[in-house]
1. Once the piece of chain linking Arg102 and Asp42 is laid out straight, how much longer is it, given 0.36 nm per residue of separation minus the C-alpha distance between them?
2. Apply the a/c threshold of 1.5 to the C-alpha gyration tensor of segment 36-85 and tell me whether it is rounded, prolate or oblate.
3. Given a Förster distance of 41 Å, report the FRET efficiency between Glu60 and Arg110 from their Cβ-Cβ distance, rounded to the nearest 0.05.
4. Please report Phe33, Phe51 as a ranked list, fewest other C-beta atoms within 10 angstrom at the top and most at the bottom.
Amino acid sequence: MAHSAIKDLTTQIATLSRPTRSPSCVLSGSTNFDAWNRHLLDVLGEQAYTFLTTGTPPLEWTSVDIELWDDNWLRIVTTSVDPATVSPLFLEINDHDISTHRYWMLLNTRYASRDVRASVQLVLD
């Protein structure tokens, strides 16, 4: 799947918000975080994925696009994670105005592989 830019953010968010993911694309913890994260890049496209992982929106996004993305992030995440595994992490979050990027950082910090060989393999894939 190509890493394309989002042409219509509203349509993209609506598509991502539907709970139609393959079980292999559902985050269940550290055992599949790297695959789940790669899947996010494929599904979101480079612009949205970069915003997700860096917190910096693409230059062409308007403030409305950014707000729309942040407002819908939780719905997107909850349809792509195993609630039994990830919900304890979200229970620790007491800031209801948390950003898209901060959610991803929390998941990344908690579940990303710290194995150097696994990281090298991700780059090679």
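1. Difference between extended and current length: 19.6 nm.
2. Numbers: a/c = 2.71, a/b = 1.55, b/c = 1.75.
Taking the square roots of the gyration eigenvalues as a ≥ b ≥ c, segment 36-85 is oblate.
3. Numbers: r = 32 Å, r/R0 = 0.77.
Calculated transfer efficiency: 0.80.
4. Values: Phe33 17, Phe51 23.
So the ranking, lowest neighbour count to highest, is Phe33, Phe51.
All of the numbers you see were taken from the coordinates with simple rules; none came from a lab. Computed from a prediction, not measured in an experiment: that's the story for all the values here. All Cβ positions, even for glycine, are placed from backbone atoms using ideal geometry, and neighbour counts span all protein chains on display.
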